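Input: a single structure, listed below in structure tokens.
The values are calculated or read from the model by the stated rules, or taken from the named source; none is laboratory data. A quick note: this is a predicted structure, and the numbers were derived from the prediction, not measured. Cβ placement follows ideal geometry from the backbone for every residue including glycine, while neighbour counts extend to all protein chains displayed. Just the protein is used for accessible areas: all its heavy atoms, side chains included, with ligands, DNA and RNA removed. Shrake-Rupley method; radii C 1.70, N 1.55, O 1.52, S 1.80 Å.
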Amino acid sequence: MRESSLARHRPSVWWGAMIICGTVVGAGMFTLPVVMAGAWYGWSLLILMVSWVCMLLTGLLFVQASQHYPLGAGFDTITRDLLGRGWAAVNGLSILFVLGILTYAYISASGPVYQSSLNRAGLHLSVADAKIMLTLCVAAVVWLGTKGVSRLMTFCVLAKILLLVTLFGGLLTQLDIATLANSGASGQAYWPYTLAVLPFCLASFGYHGNISGLIGYYAGNKKQVNRALMLGTFMSLVIYLFWLTGTMGNLPRASFPAIIDAGGDIEALMAALRRYLHVSALALLMDVFSHFAVICSFLGVTAGLFDFIADRLQMADTRLGRLKTACLTFLPALCASLWFPNGFIAAIGFAGLFATLWAVIVPALLARKAQQKFPEATTHAGRQNVAIVVVMLFGGLNVLAWTLSWLGWLPVFRG
């Protein structure tokens, strides 16, 4: 009877999957068709699915390593114990850099968007005021805990999916297979551009900062955490496939160089798509969709950064302790965004390299060290070893791709 009662009160896998999907699928999805224009549809889908499998494996490997530690032990605690203080310091810096720069990026990018919408609604605010208001709202939700984040994330993801179908369902109904296959162009190569796509696909499945919070949310139940990771990342993959099919099936490959020259951002891509969407309220729907996309990623990234800081500094899980953690999570990024609104552009390119370290390489090393330190508690060691090798190769390829791209040795699609 007691077990049945506990089962009824056990959080659903759905809530955890919503956190993962909401973190993964955000405003960054608008860049995928642009960066994949060279490799185009077939090669891009292959790289995207390979990246999904590898990034899911890294999450599962970290969950496996965490099972040997008390509930509440975070990324930093586990890394320090298994890999030593040196690795923990390097890993901690990479996590702080990636999550911090993303928090900074979302505050900087969302401020003008929300300011414009609020002004149209009659509430006249400056961009700085809009950034402060949005940051305070998100900080309040994260301060409340994982349950509050999951509920709001569920609403945002469902609304985002509904808006996605509303906006781009028309694109699928007028899908041109010839455009999708780029059959009108002969003698064009796609594979030389595939390596450059890899780091963007890795970044498109970044959720690892949220795993520690999910482990605590499910009270250390490994099966539920794993199912949440699998469901959440699979939902993200489906949304990406829907999005890429809708865009690449209507926008010819030859039109993307102009989008790239215009900055390759959301506005440039939307401007190219508008001719294919015959909806009277299209501008409003696009604004609303971009709002939900940004807020989902903003919530997911900051929740992961919040959990990491709390673990690293051993903050108390009280109202005052969580308030201190929230201040450390949001205030530095908010101040940097107010003082240097455009300064993240140069630094954001390095975020992918650091993400490869802590979201790919370190989880594989943790799983291997956990096998060696806790051999009696290790199960399915053979399958784990195969996953570790696959993940390490994937991480090495991403480092190679980033390095070659930074050196300018990879081809850039110009039409």
Note to self: Could you work out how much longer the chain between residue 314 and residue 126 gets when fully extended? Use 0.36 nm per residue separation minus the Cα distance between them, nm to one decimal.
What the structure shows: 64.0 nm
Margin query: Suppose only helical runs count, i.e. DSSP H with n ≥ 4. What mean residue ellipticity at 222 nm does that imply for the chain under -39500 (n - 2.57) per run, divided by all residues and rounded to the nearest 500 deg cm²/dmol?
Written below: -24500 deg cm²/dmol
Notebook entry, point to check: Got a number for carbon plus sulfur as a percent of the chain's accessible area, 1.4 Å probe?
Noted result: 68 percent
Notebook entry, point to check: In what sequence, highest mean first, do 149-155, 294-300, 119-125 appear when ranked by Cβ atoms within 10 angstrom?
Noted result: 294-300, 149-155, 119-125
Checklist line | Label-point separation in nm, residue 144 to residue 324, each point 7 Å along Cα→Cβ | finding: 2.4 nm
Checklist line | Net lengthening on full extension, residue 238/residue 393 (0.36 nm per residue, minus Cα-Cα) | finding: 53.3 nm
Notebook entry, point to check: Using the beta-carbon distance between residue 176 and residue 227 and R0 = 30 Å, what value does 1/(1 + (r/R0)^6) give for FRET efficiency, to the nearest 0.05?
Noted result: 0.20
Notebook entry, point to check: Considering lysine pairs in the chain that are 8 or more places apart or on different chains, how many have Cα atoms under 28 Å apart?
Noted result: 12
Checklist line | Point-to-point label distance, residue 49-residue 162, nm (Cα→Cβ direction, 7 Å offset) | finding: 3.2 nm
Item checked: Spin-label pair residue 137/residue 403, simplified geometry with 7 Å Cα→Cβ offset, distance in nm -> 4.4 nm
Check: How large is the accessible surface per residue of the chain, computed with a 1.4 Å probe and reported in Å² as a whole number?
Finding: 45 Å²
